[in-house]
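The values are calculated or read from the model by the stated rules, or taken from the named source; none is laboratory data. Source: prediction; values computed, not measured. Every residue, glycine as well, gets a Cβ built from its backbone with ideal geometry; the counts of neighbours run over all protein chains shown. Surface accessibility is based on the protein's heavy atoms, side chains included, excluding ligands, DNA and RNA. Shrake-Rupley method; radii C 1.70, N 1.55, O 1.52, S 1.80 Å.
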Amino acid sequence: MGAAQQDARWTHVADYRNPAPYGRIPLPEDIFGSVQIVDGVIEPGTYQRMPTHRIVSSLGLFQLSDYLHEKLVDHLQNLQS
């Protein structure tokens with residue numbers, strides 16, 4: 001596949017406080033950013049924050065998925081090293 005035919009798209013990264021139904025886009029207050037996916041891999045440097053994301057909403061504090069929580073903890077522990 002040539003460069004012009006790469007499978008490139010954007011996907012939202014949402015918190016788990018209020019999961020959207022399968023196949024639906026989460027509410028803007030639950031999306032904390034978007035990343036570009038190229039050939040199934042996150043393209044480095046493409047993260048764009050969502051200005052409408054709310055850390056606290058009427059449903060409580062934002063929540064990370066288990067995977068993102070683990071990655072965040074790992075990153076913070078590496079900063080302490």
Next on the checklist: Between a residue in the range 12-33 that is over 14 Å from S57 (Cβ atoms) and part of a strand (DSSP E or B) and any residue that is open to solvent by less than 90 Å² (accessible area, probe 1.4 Å) and among the β-branched types (V, I, T), which pairs come within a Cβ distance under 8 Å, given they are 6 or more apart or on different chains?
Outcome noted: H12/I31; V13/I31; V13/V35; G33/V13
Next on the checklist: If Q5 satisfies all but one of (1) of a type outside the set (G, A, S); (2) at pLDDT 95 or above; (3) open to solvent by 80 Å² or more (accessible area, probe 1.4 Å), what's the number of the condition it fails?
Outcome noted: (2)
Next on the checklist: For the range 39-81, give me each residue that is among the aliphatic types (A, V, I, L, M), over 30 Å from D7 (Cα atoms), in contact (Cβ under 8 Å) with a residue 40 or more places away in the chain and part of a loop (DSSP other than H, G, I, E, B).
Outcome noted: L59
